[in-house]
Amino acid sequence: MQAGQLNQPLIAFVASKHSGLLGRRVPFVSLSTDKVAIKALKKSEDSPENNPEYIVRVYEWSGEDQQDVRLSFPLPISSAREVNGIEEEIPDGQCTIDNGQLVFNIGRYQPKTFAVRPATMGFVNIGGDSEIGLPSGRPIALPYNLDLMSYDSARGNAATAYTYAYPAELIPDTLTCDGIDFVMGPRENGEKNVLRLNEEQVLNLDRKPGERKLYLLMASPTAAGAQVTVTFGGQQTTDDRQQTVIDVPYFSGRVAEPPSCTTLTENYRRENIVFASSHAHKVSDKTNQTMQMLYIYKYGIDLPEGVTEVTISSSDRKTFLFAATASATQTDDIVPFSPLTTEIETNAQLSNDEWSDRLVPKTVTSSHKIKDEEGPRYANDQDPTTKWCVGSGQSQTPWLQYILKDTAVVTRWMVLGAARESGGYVAKSFKLQYQAEDGTWVDADVVEGNQRNKVIRTLQQPITTTRVRLQMIQGEQNAYTTRIYEFAVYGYLKGEGPDGIDEIKNEELRMKNDDTWYDLSGRRIESLSEGRPGAGNIYLKKGKKILK
């Protein structure tokens with residue numbers, strides 16, 4: 001149980017105060033004994049949206065056979081069946097329903113999986129007015145001006161100004177997310193189905209009593225994303241109108257980007273993704289692009305009292321608006337108190353990431369190269385499939401040199417080795433050097449006995465220079481051929497960074513964030529000086545996990 005509390009801590013949410021309908025305590029799913037644990041709960045892969053089954057995986061952890069274990073939902077269970085790990089029904093599975101609860105026996109340390117269907121219950125009209133629709137929302141008509149969807153039979157039948165089109169066969173007439181319904185545009189050949197925000201757009205809400213939220217489905221075709229401004233009131237109102245600014249990311253790519261050969265930081269999309277395609281239609285050559293995912297993101301906006309229209313504009317004048325819905329729902333008023341991801345912020349990240357970035361050299365040279373196709377520039381082309389290579393017969397200790405665009409402060413560096421060819425080709429020993437003002441080369445950091453293919457190092461003391469060098473000591477684990485797929489340095493050009501006030505900024509960051517700490521169980525830590533957080537422990541602060 002203690003291991004479970006550490007690995008799967010209780011996640012808390014904060015909701016606005018309301019009278020409620022279900023009392024103070026409503027467990028979504030519960031068991032009659034604490035000797036059986038619920039290990040997973042999800043919707044069945046194949047059940048219909050309007051009457052879904054839920055997959056519940058349980059595990060006996062105390063080492064004793066358990067009889068007549070009862071599993072219950074807030075609503076009575078109408079049907080249940082035992083299934084295997086891939087949700088196929090077990091013919092001789094044994095479970096019964098008694099008084100709306102699932103009843104089963106389970107052996108010691110045994111896992112079991114059930115497909116459970118609760119009784120259905122309609123939404124409650126929380127608006128308090130018979131004119132308002134259900135909290136699922138009321139669609140708002142959009143003046144579509146762009147065709148961005150095509151069927152597989154006509155992949156090129158979409159706007160040619162964009163590389164990709166959304167696969168129309170994957171998009172339903174009504175897209176439902178978090179209980180909110182969105183009516184999507186027509187997908188027939190030649191039909192427009194997206195509103196491109198190339199100018200200010202005014203949406204008349206025709207607002208009904210109780211409608212307090214406006215939901216928008218959007219995405220940006222600009223790689224850097226775009227800012228969409230929602231102004232409450234039409235174009236003819238005064239300049240002191242209230243506004244909401246939304247960051248809308250790129251419509252393609254991947255949900256999670258780990259550190260790569262070109263960046264040291266992770267990137268995770270925190271937006272609410274309501275649609276993700278498994279592929280894209282390339283308009284120019286009418287082909288399917290597998291694993292070229294396309295996304296649509298959902299945003300909820302609180303509508304001030306009395307507002308009956310909004311004006312929407314985009315910074316890139318290209319952002320796509322797929323659908324808009326007005327609703328009385330209170331579902332997304334609930335916000336997480338505990339972190340929902342496993343990301344951890346270290347002290348180094350808190351102090352350095354604000355200013356650190358990859359420094360692109362203006363000149364790349366090396367002492368040796370085995371051939372032009374494996375020359376020094378291939379260690380700086382941001383391509384993890386090309387390399388700089390030097391044979392051991394040419395030099396056992398070659399160097400790779402970068403001349404930076406200007407004097408720079410270097411804080412971190414990275415080397416990507418040749419493990420994609422062989423683990424024995426990973427560089428064993430090497431060092432980062434920089435040229436001092438007198439022209440001599442000085443060791444900034446040394447790596448010895450390395451076995452990692454990707455080495456990321458933070459300098460204990462940042463260096464200021466115009467030239468850096470990767471000096472090889474031993475290019476392989478047991479030999480001396482050098483194979484380097486990427487070499488990068490990170491920091492900032494002098495005059496564009498904190499200008500020597502790193503320590504002051506770091507202290508300001510610590511003071512800014514050192515106000516309220518919690519341990520993983522949610523207990524408040526009054527003061528770090530009390531010594532409660534031990535070295536290397538993980539704590540919660542401002543909704544993030546932090547290693548201290």
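The values are calculated or read from the model by the stated rules, or taken from the named source; none is laboratory data. Just so we're clear, the structure is a prediction, and the values are computed from it rather than from any experiment. So basically every Cβ, Gly included, is an ideal-geometry build from the backbone, and we count neighbours across all protein chains shown. In case anyone asks, the SASA skips ligands and DNA or RNA and just uses the protein heavy atoms, side chains included. Shrake-Rupley method; radii C 1.70, N 1.55, O 1.52, S 1.80 Å.
Length gained on full extension, Ala3 to Ala119, computed as 0.36 nm times the residue gap minus the Cα-Cα distance: 38.3 nm. On segment 443-486, 34 percent of the accessible area sits on carbon and sulfur atoms, based on a 1.4 Å probe.
A 1.4 Å probe run over segment 30-88, with the rest of the protein chains in place, finds 56 Å² accessible per residue.
At most 14 other Cβ atoms within 10 Å and a DSSP loop assignment: could you name the GluC sites (Glu not before Pro) in segment 368-444 that fit? Before the final figure, lay out the partial values.
On the way: sites: Glu373, Glu374, Glu421, Glu437; in loops: Glu421, Glu437.
Passing both the DSSP loop test and the Cβ count: Glu421, Glu437.
Spin-label model, Thr244 to Lys35: label points 7 Å out along the Cα-to-beta-carbon direction sit 5.1 nm apart.
Quick one: with all protein chains in place, what share of the accessible area of segment 155-220 is carbon or sulfur, to the nearest percent (1.4 Å probe)?
C and S fraction of accessible area: 39 percent.
Please report the net charge: other residues with Cβ closer than 13 Å to the Cβ of Ala419, K and R +1, D and E -1. Write down the numbers at each step before the final one.
Values: positive: Lys387, Arg420, Lys428, Arg452, Lys454, Arg483; negative: Glu421, Glu476, Glu486.
Spelling it out: positives minus negatives among the neighbours equals +3.
For Thr465, the solvent-accessible surface computed with a 1.4 Å probe is close to 10 Å², ligands and nucleic acids excluded.
Counting only heavy atoms of the protein chains and using a 1.4 Å probe, Cys389 has close to 10 Å² of accessible surface.
Mean separation of Cα pairs under 8 Å and 6 or more residues apart, divided by the residue count, gives segment 354-429 a relative contact order of 31 percent. Taking all protein chains as they are arranged and a probe of 1.4 Å, the heavy atoms of Asp333 leave approximately 40 Å² accessible to solvent.
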